[in-house]
């Protein structure tokens, strides 16, 4: 009797262990409907993702893209700026590419120098006024007094007057050029004919400088000239 009871106890204990194994270590997982996970995947057409294969495909696609770009005849270089007048991005890009060579040519072409123009303008603004009535003294071994009425047109100077030497007075004509404050003035006296070439510096109402003279008979001499403006 005890033996039978022991056998029944062992059988019950074995069945209990088998039940626990079925719960804790099932042969295959199951879902609420009673279908195993493997069967559910097969029925749902779910495929596992191969990470390495996916990465290889992406790398191949990227290499193919850059190879096609390199071999393409299309211009992939973008202009520095797009034209705002194009109605579409393609038109804006095309117009910008057409404008770029013209802009580069304009920027690379030598610009006209403004120094010459600035210098001319500076000379015009600083050019002295030589017109008016002048009284000059030409001094070498003797003193000569000159009275002149000068006129100015731009840098050209012209006029007439008289020159007094001792007790004789003769008529003179005047012509010359003015650069800034430097006046180059030629006086030609009559009877006898004598040419006086004056180089004067005009400062406000005063004039001073040197001169050289030559007569029709061949005489030559030099001297100093000073004077002032009587009236403008």
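The values are calculated or read from the model by the stated rules, or taken from the named source; none is laboratory data. For clarity, every value in this text was computed on a predicted model and none was experimentally measured. Heads up, the Cβs are rebuilt from the backbone with ideal geometry, glycines too, and the neighbour counts pull from every protein chain shown.
Conditions (1) at pLDDT below 95; (2) touching a helix residue (DSSP H, G or I) at 6+ places or on another chain (Cβ under 9 Å), marked per residue:
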residue	(1), (2)
133	no, no
141	yes, no
149	no, no
177	no, no
181	yes, yes
189	no, no
192	yes, no
220	no, no
226	no, no
So how many residues does segment 214-232 have that are in contact (Cβ under 8 Å) with a residue 40 or more places away in the chain and assigned to a strand (DSSP E or B)? 11
